[in-house]
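Trainee: This is the structure I want to talk about, given as structure tokens.
Readers should treat all values here as calculations from the given coordinates under stated rules, not as data from a laboratory. Worth saying up front: this structure is predicted, and the values here are computed from it rather than measured. Backbone-built Cβ (ideal geometry, glycine too); neighbour counts: all protein chains shown.
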Amino acid sequence: MSTSFSLRQLRLRPGEEHREALEVELPSFEFGGQRYIPVPEQVDAQLTVTRATTGTVLKLALTAMLHGPCYRCLGDAVLEVPVAVREYQDAAPVDEELTTPYLVDDRLDVSAWARDAVALALPDKILCRPDCAGLCPTCGKNLNEEPHTHEEHEADPRWAALEALRDQR
Ligand SMILES: [Zn+2]
Ligand SMILES: [Zn+2]
């Protein structure tokens, strides 16, 4: 499912602006090998269409909430992704720079545009919280729930050898 919006019905004159409140269907995201699901899948968005003398300016603003695993501890992470993006469609485009790929035959693919905008706004790592302690590299337990350290020599065979020597005295 996807959300689209027809510009044909607007019949804007140069200088006129139309604002539309939309519910945009967002797909889930594949990121760093994990899946992130928008909750809700229908995101409130504000679309603004402004007719200029030479073309149309399109603006889209929304805030997506993505749910998925934390990069460090694999616990539940909820990420708020606000986006505010803009596209331009020239009335008589001379090259592709002046067109938007989301507009085909006066129909704007709002879902595709929103999906790309959110994907571009994602951080390098999605975390459950900025200071997530992650998983213990030694035992794999969640360091947020059970903060702990391991005695260095537990895993170090050289200590075992030293202790064996000491026991012999
Ligand atoms: Zn985490
Ligand atoms: Zn541990």
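Trainee: Counting only residues that are surrounded by fewer than 16 Cβ atoms within 10 Å (Cβ to Cβ) and in contact with a His (Cβ under 9 Å, 6 or more places away or on another chain), which one in the range 47-86 is nearest to Leu10 (Cα to Cα)?
Mentor: Per the criteria, the residue is Thr48.
Trainee: Also, I was wondering about something else. Would you confirm whether any residue within the range 109-117 is more than 16 Å from ligand 1 (Cβ to nearest atom) and not in a helix (DSSP H, G or I)?
Mentor: yes
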